[in-house]
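Q: The structure is given below, and queries will be raised subsequently.
The values are calculated or read from the model by the stated rules, or taken from the named source; none is laboratory data. This one's a predicted model, so the numbers in the text were calculated from it and none came from an experiment. Here the Cβ positions follow ideal geometry from the backbone for every residue, glycine too, while neighbour counts run over all protein chains shown.
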Amino acid sequence: MLFYLTSSLWVRIAGAAVLSLALSLWGGKIGIKKFKEAGWVDFVRRFTPPTHHGKKGIPVGGGIFITFALLLSLFVFGNFTNKMILLTLFVSLSLGLIGFWDDKIKILKKSSRGLRIRTKLVIQLIPALAVALFLYYRPFFDNHLRIPFTGASLDIGWGYIPLMVLILVCVPTSVNITDGLDGLVAGCMLFAGVAYGVLVYVAGATHFHGYLNTYYVPGAEEMVVFWAALLGATLGFLWYNRYPAKLFMGETGAQLLGGALAMTAILIKREILLLLIGGVFVLEALSVILQVISFRLTGRRILRMSPIHHHYELKGMEEPKIVVRFWILALLLALAGLSSLGW
């Protein structure tokens, strides 16, 4: 590992980003054909906009490439003595494996239906609860919930356990719901990831702690290497996932990315900011929840189709235009989240 040759954080950040980008690009180039030959392809849902019917047969191995690019980059440039990296990897890989299981079932059944939603949620609870209990009973854990833009905090005691479980289950699920248009999740995750990359660096850098009034987390700056590797891999995947997509990330990638985002927010005490920085994912999830509630209570749908990106498709908006506008929204929300620094 390069960590034992040089402790320079910025050298390792740059190296992790470049290596993971190269690995992801290389993996996509050689893997698209192989996954298609192996039948590891997408099976379009029955109830989906007509424009999506042509997407049937596109490989869904993008999440696998992202995972391997992340792991190899961290093996070279990461510091595996850092507990934050180990915890984030545990959560990300655990959820990624659940996603892989779901993808595998779809391939075997040759259907868009994998694990049942309730079954998947119950399985997700296992690593989420394990990590929540582990963190809560560590001596260094602070059970104060910090309120952004106010400088205030709330002591919620044991309530932090269900809060962490909720975040670790809901965020990956929301990311997965968002994964419905070419390049949508990958682009939004790049903006959210960069924002949290800045936040983890500030949280671990002592020279920022005084005048930015941030919560100091020893060793948090090492998480920038993790995010450099993950975002490099995501950018390489986006090369093949942009419209018209030649590769999808599948449940594997969505769960992995969502788990990394959720765990990072918890570790640096920026959980509430997820509602802002991850606002696109929140909007997509809320659109599904409100659609279901409205239909069950009134028999009417508030959207033509949920998640909300399908609503705009059915209104006649072209897919690339929807994606770019959501990217712009994700960028603005990420900048708004970063503006919380100093409060």
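Q: Give segment 65-77 a look and list any residue that's crowded, with 24+ Cβ neighbours inside 10 Å and either part of a loop (DSSP other than H, G, I, E, B) or among the hydrophobic types (A, V, I, L, M, F, W, C) (or both), or say none.
A: PHE65, ILE66, ALA69, LEU70, LEU74, PHE77 - these are the residues of segment 65-77 that are crowded, with 24+ Cβ neighbours inside 10 Å and either part of a loop (DSSP other than H, G, I, E, B) or among the hydrophobic types (A, V, I, L, M, F, W, C) (or both).
Per-residue answers, yes or no, for (1) under 21 Å from the mean Cα position of the chain (by Cα); (2) free of Cβ contacts under 8 Å to residues at least 24 places away in the same chain; (3) at negative phi; (4) not in a helix (DSSP H, G or I):
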| position | (1), (2), (3), (4) |
| --- | --- |
| LEU145 | no, no, yes, yes |
| PHE149 | no, no, no, yes |
| SER153 | no, yes, yes, yes |
| MET164 | yes, no, yes, no |
| LEU168 | yes, no, yes, no |
| VAL171 | yes, no, yes, no |
| MET189 | yes, no, yes, no |
| TYR215 | no, no, yes, yes |
| MET223 | yes, no, yes, no |
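Q: Within segment 35-52, does at least one residue satisfy the condition of being in contact with a Leu (Cβ under 9 Å, 6 or more places away or on another chain), more than 21 Å from VAL224 (Cβ to Cβ), among the β-branched types (Val, Ile, Thr) and surrounded by fewer than 21 Cβ atoms within 10 Å (Cβ to Cβ)?
A: No - not one qualifying residue is present in segment 35-52.
Q: Give me a count of the residues in segment 223-274 that are under 23 Å from ILE30 (Cβ atoms) and among the charged types (D, E, K, R).
A: 3
Q: State all residues of segment 107-162 that are of a type in the set (S, T, N, Q) and touching a strand residue (DSSP E or B) at 6+ places or on another chain (Cβ under 8 Å); if no residue qualifies, say none.
A: Listed by number, the residues that qualify are ASN143, SER153.
Q: Which number in (1) under 30 Å from VAL44 (Cβ atoms); (2) touching a His at 6+ places or on another chain (Cβ under 8 Å) marks the one condition that ILE117 misses?
A: (2)
Q: So LEU256 fits all but one of (1) surrounded by fewer than 23 Cβ atoms within 10 Å (Cβ to Cβ); (2) more than 17 Å from PHE191 (Cβ to Cβ); (3) of a type in the set (A, V, I, L, M); (4) at pLDDT 95 or above; what number is the exception?
A: Result: LEU256 fails condition (1) only.
Q: Checking the structure you have, find out if any residue of segment 307-314 is outside any helix (DSSP H, G or I) and over 20 Å from the mean Cα position of the chain (by Cα).
A: No, segment 307-314 has no match at all.
Q: Still on this structure, I have one more. Can you name the residue in segment 88-126 that is more than 30 Å from ALA228 (Cβ to Cβ) and small (Gly, Ala, Ser) and, of all such residues, is surrounded by the most Cβ atoms within 10 Å (Cβ to Cβ)?
A: Applying the filter and picking the extreme gives GLY114.
Q: Just to check your reading of the model, which residue among THR178, THR150, THR119, THR173 is modelled with pLDDT of 95 or more, of a type outside the set (D, E, K, R) and out of contact with any Cys (no Cβ under 8 Å at 6 or more places or on another chain)?
A: Step by step, each of THR178, THR150, THR119, THR173 is checked, and only THR173 is modelled with pLDDT of 95 or more, of a type outside the set (D, E, K, R) and out of contact with any Cys (no Cβ under 8 Å at 6 or more places or on another chain).
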